[in-house]
Amino acid sequence: MTDGWVIKNLRAIKGRAYPRVIGAIREPSWVFFEVVLPLFTVAAFAYVYQFMDAREELIGYVVLGGAMTAFWLNVLWSMAAQFYWEKETGNLQLYMIAPTSRMSILAGMALGGMLSTTVNAASTLVIGAFIFNIAFDVVDPLMLIAIFLATMVALYGMGMMFASLYMLFGREAHHLSNLLTDPVYLASGFYFPVKFLGAAVAAGASVIPITLGLDALRQLFFTAGAEDAFLSLEAELALLVGLCALFMVLAHYSLRYMEYLGKATGRLTLRWQ
Amino acid sequence: MAVMNDLRTIKNAAWLGWEMEANWADPFLFATYSIVKPISATLILVFMYMIVTGGNTDNAYFSYMYVGSALYMYIAEVLFGVTWIIHDDREHYMSLKQVYIAPIKFYAYILGRSAIKIAITTAGVIITLAFGVLALGVDISLWDVDWLLLLGSTALGMSCICVLGLALGGITFLTARHSIGINEGVAGVFYVMSGIIFPITALPTWAQSISKILPVTYWMDSMRRALMPDAMAELGSVAGVDVTGLSGISDLYIMVYLAISTAVFFALSMAVFKYADGVARRKGKIDWTSTY
């Protein structure tokens, strides 16, 4: 690995992030969609808890979970499924012949999409907390940062691995992304503590980094979060770090393998299959 | 002759829609997607409910919430579907311009493509409701269903949602890749304001006033009255309080309100669609791609 290789890949990251950032600036209508729209689902779920006289933390969990959906949707639609759309629009072969790592291209997508995703998540958290009078009680900010970063790296690593699968997918890529929204919201406990699904389901769902990330964030944001926790903070951080390494390695090899498979079967540039 | 042409367009567009939705996907994936997704969305609410109540599903509110969540699929899928058709044809398959120059009415094409989405959604709604009745004790009995009210409100409600979807489809011509957010937003307004998963009486007073204007509020209520009359009667007078906020309104009033709303939305959607179509042609946005 030379300096030239590093610079080249950093430029690839910047290059792929650029159209997303510029596109977002040129077409600012997304701000409305990203800020206002996610609030509706969050508000509906919060009102369900309010109507049933649920304890306050549960409403807080809904707001936090609603904010985190932005990252999951970004990984799913703007990263994993993106390779499929790139194939459809004829860009994929350009990425393949570029002398850079495929992971740099995907990292560029992630970074470029981070602007709108962060606006979405932060606004949901802030406005949701304001509307429903949620009190966040952060006692360990360093741990909060560590958990959030580990969740993001593991999550986007998972997204890169998915991208390799989507690269060979046909039209069902759209169905697959849809299939990974609501079922994952359910299994990962986006709107309720995951431990209520039972230890076996929660353990299984922990393969998805956001399950552990959310469980840990609930503990860090709410004093009652520890009672609803599936695992301790330290265990969740350790597992998330493990998932970071696992998904990065898996993404590297699966991207290479799927690229080879795509070339061998002639499907890499096959459009509208 | 023109009517026959439109009907042929609707039929062929519906066939194309079916091919795109189902036949081009792996059958197992499509079947899983059609069943697992709607049931998962509803199970989120079921778990939320169970966490608070400790698992007691023998409650009128549980049935209210479950049925509302299942029926909401129509709103989300049909509104999403219409705008997605335009987005998908324009951005992904880049075939919108070909459809445009074909000697057919674009309106008829969209209606045909939407029809198949309604059919697929109906399968999801029926599966979800059957799962609720059989596995969770949702209070629907085929003997107690008011079939006439169910048919009437289904026809009027679907028409209303479809014409609203067409108006949103028109707006999609003018927006970039974020256009799919428009329908999610409108569907989201209905989700919160129309008593889908909680009665409108849970909302602040000012929001309840808005709820009572939205046709979806009345559609949801009439569908529930038709499907689960006993549970709705119970919610209409819990300790002398009207929990739903609509129990004093007659079925006839609701039907008339839905019919008028559909007519108004139809005129509105035609106007919006025509305007957006004109602007899109002038600004060269018919074959616009923004998949950055």
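The values are calculated or read from the model by the stated rules, or taken from the named source; none is laboratory data. Please read all numbers here as calculations on a predicted model, not as lab measurements. Reconstructed Cβ throughout: ideal geometry from the backbone, glycine too, with neighbour counts over all protein chains shown.
Overview of results
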quantity	calculated
Residue within the range B:31-39 that is in contact with a His (Cβ under 6 Å, 6 or more places away or on another chain) and crowded, with 18+ Cβ neighbours inside 10 Å present	yes
Helices (runs of 4 or more DSSP H) fully within the range A:167-240 counting 1 or more residues that are of a type in the set (Phe, Trp, Tyr)	A:182-187, A:209-221
Residue check for A:Trp77: within 10 Å of chain B (Cβ to nearest Cβ), within 12 Å of the chain's Cα centre (by Cα) and within 23 Å of A:Ile25 (Cβ to Cβ)	yes
Flag for B:Asp146 being touching a helix residue (DSSP H, G or I) at 6+ places or on another chain (Cβ under 6 Å) and under 30 Å from A:Gly90 (Cβ atoms)	no
Condition met for A:Lys263 (surrounded by fewer than 21 Cβ atoms within 10 Å (Cβ to Cβ) and either within 14 Å of chain B (Cβ to nearest Cβ) or not in a helix (DSSP H, G or I) (or both))	no
Failed condition for B:Gly124, given (1) surrounded by fewer than 23 Cβ atoms within 10 Å (Cβ to Cβ); (2) in contact (Cβ under 8 Å) with a residue 24 or more places away in the chain; (3) closer than 27 Å to B:Asn5 by Cβ; (4) not charged (D, E, K, R)	(3)
Qualifying residue in the range B:194-209 (condition: part of a helix (DSSP H, G or I), touching a residue at least 24 places away in the same chain (Cβ under 8 Å) and aromatic (Phe, Trp, Tyr))	no
Top-ranked residue of the range B:171-201 - restricted to ones that are at pLDDT 90 or above and farther than 15 Å from B:Leu79 by Cβ, ranked as surrounded by the most Cβ atoms within 10 Å (Cβ to Cβ)	B:Gly195
Among the residues listed as B:Ala267, B:Ala231, B:Ala271, the single one being farther than 30 Å from A:Gly112 by Cβ, in contact with a Lys or Arg (Cβ under 9 Å, 6 or more places away or on another chain) and at pLDDT 85 or above	B:Ala231
Test result for B:Gly124, at pLDDT 90 or above, closer than 25 Å to B:Met228 by Cα, within 12 Å of chain A (Cβ to nearest Cβ) and part of a helix (DSSP H, G or I)	no
Filtered residues of the range A:8-30 (kept if exposed (fewer than 14 other Cβ atoms within 10 Å of the Cβ), within 11 Å of chain B (Cβ to nearest Cβ) and closer than 24 Å to A:Ser101 by Cα)	A:Ile22
Selection within the range A:117-134 - more than 13 Å from the chain's Cα centre (by Cα) and in a helix (DSSP H, G or I)	A:Val119, A:Ala122, A:Ser123, A:Thr124, A:Leu125, A:Val126, A:Ile127, A:Gly128, A:Ala129, A:Phe130, A:Ile131
Number of the condition not met by A:Gly198 [criteria: (1) free of Cβ contacts under 8 Å to residues at least 12 places away in the same chain; (2) closer than 22 Å to A:Thr41 by Cα]	(2)
Odd one out for B:Ser269, checked against (1) within 14 Å of chain A (Cβ to nearest Cβ); (2) surrounded by 13 or more Cβ atoms within 10 Å (Cβ to Cβ)	(1)
Among the candidates B:Val145, B:Val46, B:Val133, residue that is modelled with pLDDT of 90 or more, β-branched (Val, Ile, Thr) and not in a helix (DSSP H, G or I)	B:Val145
Options A:Ser254, A:Ser232: the member that is touching a residue at least 24 places away in the same chain (Cβ under 8 Å) and over 18 Å from the mean Cα position of the chain (by Cα)	A:Ser254
Given (1) crowded, with 24+ Cβ neighbours inside 10 Å; (2) within 14 Å of the chain's Cα centre (by Cα), number of the condition A:Lys87 does not satisfy	(2)
Which listed residue is modelled with pLDDT under 90, away from chain A (no Cβ under 14 Å) and either in contact with a Leu (Cβ under 8 Å, 6 or more places away or on another chain) or loosely packed, with under 14 Cβ neighbours inside 10 Å (or both), from B:Thr262, B:Thr244	B:Thr262
A:Gly198 surrounded by fewer than 24 Cβ atoms within 10 Å (Cβ to Cβ) and within 14 Å of chain B (Cβ to nearest Cβ)	yes
Residue under evaluation B:Ser247, criteria (1) without any contact (Cβ under 8 Å) to a residue 24 or more places away in the chain; (2) under 24 Å from B:Ser159 (Cβ atoms), criterion not met	(2)
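Here's the yes/no breakdown for (1) at pLDDT 85 or above; (2) touching a strand residue (DSSP E or B) at 6+ places or on another chain (Cβ under 6 Å); (3) under 30 Å from A:Asp53 (Cα atoms); (4) more than 13 Å from chain A (Cβ to nearest Cβ):
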residue: B:Thr32; (1), (2), (3), (4): no, no, no, no
residue: B:Pro38; (1), (2), (3), (4): no, no, yes, no
residue: B:Val52; (1), (2), (3), (4): yes, no, yes, no
residue: B:Ser63; (1), (2), (3), (4): yes, no, yes, yes
